[in-house]
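The values are calculated or read from the model by the stated rules, or taken from the named source; none is laboratory data. As the structure is a prediction and not an experimental result, all values here were calculated from the model. Note that each Cβ is placed from the backbone with ideal geometry, even for glycine, and that neighbours are counted across all protein chains shown. In case anyone asks, the SASA skips ligands and DNA or RNA and just uses the protein heavy atoms, side chains included. Shrake-Rupley method; radii C 1.70, N 1.55, O 1.52, S 1.80 Å.
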Amino acid sequence: MLTRRTWIGLMASALPAALVWPRTAHAGLPEATRTALANSEVVYLTPLKSDGAESKCKAEIWFVEDGGSVFVVTASTAWRARAIAKGLTKARLWVGDFGTWTKANDAFRSAPMLETVGSVVTEADVQSRVLGHMGEKFRSGWLVWGPRFRDGIKDGSRVMLRYTPV
């Protein structure tokens, strides 16, 4: 039986996922991918080499989706940032959480996947908006990571990357 207490409990548990950040996932994506983007805290990411093969480098990383693109903040010396700087802009993303990728035994490959083109975000208004979304999404860790991300973008030790599905 659905009581008021049960209803309030259901709504309270659903609200954070529904309201944490805008769900503006690309309309052309399959429903499973849109749902995964709305509910996952991490994506698994690998750049693609010039021949289309996956890089040996992979990582699970915090992200937010905004306007149909996936945004991450990373060290400017990280391989994903260096790949884009070298013109290797194609990347593959899997959406879901399977733990550390080196211990996931490729389980992430069963998750919804996106073929994307990456770019460095330099527009201050976009950076500010995306960091705001990250702060809402990752409230528990944002007191530590928010200043690191903001300060790092300002001093060049971190970059914001945009991955747009193709």
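The table that follows gives values for the structure above.
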| quantity | calculated |
| --- | --- |
| Accessible area, probe 1.4 Å, largest first, for residues E31, E60 | E31, E60 |
| Cβ-based net charge around A104, under 10 Å, with every Lys or Arg adding one and every Asp or Glu removing one | 0 |
| Cα gyration tensor, the stretch 72-166 - rounded (a/c under 1.5), prolate or oblate | oblate |
| Alpha carbon centroid spacing (whole Å) that separates the stretch 125-166 from the stretch 36-80 | 14 Å |
| Extension gain from D106 to A85, taking 0.36 nm per residue of separation minus the Cα-Cα distance | 4.9 nm |
| Solvent-accessible area per residue, Å², over the stretch 36-143 with all protein chains present [probe radius 1.4 Å] | 47 Å² |
| Nitroxide proxy distance, nm - points 7 Å out along Cα→Cβ at A124 and S140 | 3.5 nm |
